[in-house]
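The next block holds one structure in the form of structure tokens; read it before the comments.
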Amino acid sequence: MRIYAPIITAGFGGHTHVDDFRILQDEKAPEDSLGVFRIGPSVSPIFKNNDEGQFANVSMHYCFLDAHGI
């Protein structure tokens with residue numbers, strides 16, 4: 001990840017059943033963040049979680065701008 005940090009602006013994942021994020025840090029320099037990983041919530045209401053879909057806004061230069069839940 002350290003090699004590609006200047007290129008990768010965000011990562012996206014799911015399957016945790018919660019709306020969450022992770023800040024990726026460099027183990028050799030913990031004060032420097034390498035990026036953010038956005039974890040989308042569940043798409044089904046199993047285990048009494050709120051189901052949600054999300055849209056991400058990305059610029060014409062592929063820069064992550066923001067995300068909206070629906």
Scan the range 27-41 residue by residue and report those that are surrounded by 12 or more Cβ atoms within 10 Å (Cβ to Cβ) and either more than 19 Å from the chain's Cα centre (by Cα) or closer than 11 Å to GLY11 by Cβ (or both). LEU34, GLY35, VAL36, PHE37, ARG38, ILE39
So, in the range 7-44, exactly how many residues are among the hydroxyl-bearing types (Ser, Thr, Tyr) and either closer than 20 Å to ASP66 by Cβ or in contact with a Pro (Cβ under 6 Å, 6 or more places away or on another chain) (or both)? 2
Exactly one of (1) of a type in the set (A, V, I, L, M); (2) at pLDDT below 75; (3) touching a Lys or Arg at 6+ places or on another chain (Cβ under 8 Å) is unmet by ILE39. Its number? (2)
Picked from the range 1-26 (must be out of contact with any Phe, Trp or Tyr (no Cβ under 7 Å at 6 or more places or on another chain) and polar (S, T, N, Q)), the residue surrounded by the most Cβ atoms within 10 Å (Cβ to Cβ) is GLN25
Taking the range 1-41 and keeping residues of a type in the set (Asp, Glu), without any contact (Cβ under 8 Å) to a residue 40 or more places away in the chain and not in a strand (DSSP E or B) leaves GLU27
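The values are calculated or read from the model by the stated rules, or taken from the named source; none is laboratory data. All figures in this text were calculated on a predicted structure; none of them were measured in a lab. When we count neighbours, we look across all protein chains shown, and the Cβ atoms used for this are built from the backbone with ideal geometry, even at glycine.
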